[in-house]
Amino acid sequence: ATQADAAECRLKVEMFASAVASHRGEGVATAIPASITSREAVLSASQADVLFCCVDTLEARQMADFIAQAFLLPLFDMGVVIPLRKAARGMAIADLCGRVDYVQPGGSTLLDREVYSPASLRAEYLRRTAPGAHQHEIEAGYIKGMIEEAPSVITLNMRVATAAMNEFIARAYPFRLDPNGNYARTEFSLAAGEEEFTAEEAFPRSNLGLFARGNLEPLLGLPILKPRRADL
């Protein structure tokens with residue numbers, strides 16, 4: 001992005017599509033200026049060959065999880081977090097961490113891997129729609145304070161984005177000596193200089209009730225995604 005993009009308040013998807021066009025030509029990247037929780041975005045994402053999920057909310061991750069299972073798409077989900085610790089002069093950075101999950105159709109989902117849960121989705125919704133009630137429940141101990149999942153630290157974001165692309169390459173052009181199944185999840189700590197890997201078989205596997213559902217109505221089994229009357 002440039003200063004001109006910021007001055008013009010351009011949407012990130014439009015800026016990205018323009019940047020791709022400058023390198024590869026028109027028609028390579030298509031900008032969809034809509035939330036992934038919208039029917040338009042879900043149908044557009046369903047036409048992809050691979051999904052890369054780098055979103056800010058748990059609700060958006062849940063939608064990507066649903067799309068991957070319903071339309072049989074491989075999904076690479078990534079996230080970063082900066083844990084804090086108490087220090088003599090206040091709060092201090094404890095670590096810089098990142099995570100990449102490779103989710104394959106019919107395998108363990110992001111829900112199975114506890115990337116999100118009904119409780120965390122509810123807490124996120126409450127924080128967005130009723131911040132006062134959300135804070136009250138935190139103070140009462142009903143829900144835990146939520147960690148910022150996508151801090152705007154470009155070097156950390158690029159680190160996890162690179163890891164996600166390497167995981168894609170490992171599947172498209174297998175180069176590992178070990179089976180890729182041993183790398184269903186990759187986690188790294190920059191403070192410790194370590195990487196940890198979790199195999200697919202280490203995660204439970206449940207049924208979201210969406211496997212190979214495709215575009216059956218209601219879309220993803222969600223009434224909120226029903227077509228509007230004008231679309232019928």
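The values are calculated or read from the model by the stated rules, or taken from the named source; none is laboratory data. Worth saying up front: this structure is predicted, and the values here are computed from it rather than measured. Note: ideal-geometry Cβ built from the backbone for every residue, glycine included; neighbour counts use all protein chains shown. Side chains included, ligands, DNA and RNA excluded: accessible areas come from the protein's heavy atoms. Shrake-Rupley method; radii C 1.70, N 1.55, O 1.52, S 1.80 Å.
Charge dipole (Cα centre; +1 on Lys/Arg Cβ, -1 on Asp/Glu Cβ; no other charges) of the chain amounts to roughly 400 debye.
Across the range 181-187, coupling constants 3J(HN,Hα) worked out from phi with the 6.51/-1.76/1.60 Karplus curve, θ = phi - 60°, read x, 7, 10, 5, 9, 10, 10 Hz, and Gly and Pro carry x.
Once neighbouring chains are kept in place and the probe is 1.4 Å, which whole percent of the accessible area of the range 1-128 is contributed by carbon and sulfur? Present the calculation step by step, with values, prior to reporting the outcome.
Working: 3950 of 7070 Å².
It is 56 percent, rounded to a whole number.
Loop-resident GluC sites (Glu not before Pro) (DSSP state other than H, G, I, E or B) in the range 15-123 with no more than 13 further Cβ atoms inside 10 Å of their Cβ: Glu26, Glu114.
Based on Cα contacts under 8 Å between residues 6+ apart, the range 9-90 shows a relative contact order of 22 percent. Translational D (Stokes-Einstein, µm²/s) of the range 13-131 at 20 °C and 1.002 mPa s when Rh comes from the Kirkwood sum over C-alpha pairs? So the translational diffusion coefficient is about 130 µm²/s.
Placing dummy labels 7 Å off each Cα toward the beta-carbon, the span from Leu216 to Glu8 is 4.5 nm. Distance between the C-alpha centres of the range 203-222 and the range 1-56: 25 Å, rounded to the whole angstrom. Starting from the Cα gyration tensor of the range 170-209, take the square roots of the eigenvalues, sort them a ≥ b ≥ c, and report rounded, prolate or oblate (rounded when a/c is under 1.5, otherwise prolate if a/b is larger than b/c, else oblate). Because a/c hits 1.5 or more and a/b fails to exceed b/c, the range 170-209 counts as oblate. Between the entries [x] -0.43, -0.52, -0.74, -0.86; [y] -0.66, -0.74, -0.87, -0.93; [z] -0.56, -0.68, -0.96, -1.12, the label attached to log10 I(q)/I(0) by the Debye sum over Cα atoms at q = 0.10, 0.11, 0.13, 0.14 Å⁻¹ calculated for this structure is [z].
Basic side chains Lys and Arg get +1 at the Cβ, acidic Asp and Glu get -1 at the Cβ, and with that the dipole of the range 172-225 about its Cα centre reaches some 300 debye.
Looking at the range 3-103, which trypsin sites (Lys or Arg not before Pro) are DSSP coil and have at most 11 other C-beta atoms within 10 Å of their C-beta? Present the calculation step by step, with values, prior to reporting the outcome.
On the way: sites: Arg10, Lys12, Arg24, Arg39, Arg61, Arg85, Lys86, Arg89, Arg99; in loops: Arg10, Arg89.
Within the range 3-103, the qualifying trypsin sites (Lys or Arg not before Pro) (loop, at most 11 other Cβ atoms within 10 Å) are Arg89.
Annotation: extensible slack from Met165 through Leu43 equals 41.6 nm (criterion: 0.36 nm per residue apart, minus Cα-Cα distance).
Note on the chain: GNM, Cα springs under 10 Å; of Glu167, Glu187, Glu201, the largest mean-square fluctuation is that of Glu201.
Annotation: per residue accessible area for the chain equals 62 Å², rounded to a whole number [probe 1.4 Å, protein chains only].
Please get the size of the charge dipole for the range 18-67, origin at its Cα centre, with Cβ charges of +1 on Lys and Arg and -1 on Asp and Glu, quoted in debye to the nearest 20.
Its charge dipole is roughly 60 debye.
In sequence order, the range 82-93 has phi-based couplings of 10, x, 10, 9, 6, 10, 4, 9, x, 8, 9, 6 Hz under the Karplus curve 6.51 cos²θ - 1.76 cosθ + 1.60, θ = phi - 60°, and Gly or Pro positions carry x. Considering only Tyr183, Tyr125, Tyr173, the Gaussian network model of the chain with Cα springs below 10 Å gives its largest mean-square fluctuation to Tyr173.
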